[in-house]
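Please treat every number below as a calculation from the coordinates, not as lab data. The shown structure was predicted, so the numbers you read here are calculated from the model rather than taken from an experiment. We place every Cβ from the backbone using ideal geometry, glycine too, and count neighbours over all the protein chains shown.
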Amino acid sequence: MATSMIEIIKNTWTLVSTVSVSFQVIGKREVYAVEATSLPDGNPYGKIISPRRGYGFSRLDGNLYVYSVDVPANIAIDPVA
């Protein structure tokens, strides 16, 4: 499966994946990432993901959600075998 691009809308939690993936932020903005069983609400929290650095999400008990503060962001995701 090929790399997919996902746009993260500013100031909104976005469902990125329901399975294990690796991803990185494209551009110059960092984003927040969290594993949760349902859509998070409110202010961003979780792991801060820096631009151009790889991050692996191993699905355990929830889905991957990402939040970008004040500006849209793009991420590239790849499936994990």
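Some notes on this structure:
- Charge dipole (the chain, unit charges on Cβ, about Cα centre) - positive-most of 8, 40, 55: 55
- A DSSP coil position with no more than 16 other Cβ atoms inside 10 Å describes the following chymotrypsin sites (Phe, Trp or Tyr not before Pro) in segment 30-81: 45.
- Between residue 3 and residue 20, full extension at 0.36 nm per residue minus the direct alpha carbon distance yields a gain of 4.8 nm.
- With semi-axes defined as the square roots of five times the eigenvalues of the C-alpha gyration tensor, the equivalent ellipsoid of the chain measures 17, 16, 10 Å, largest first.
- Beta bridge orientation in segment 4-79: antiparallel %, DSSP, nearest 5: 95 percent
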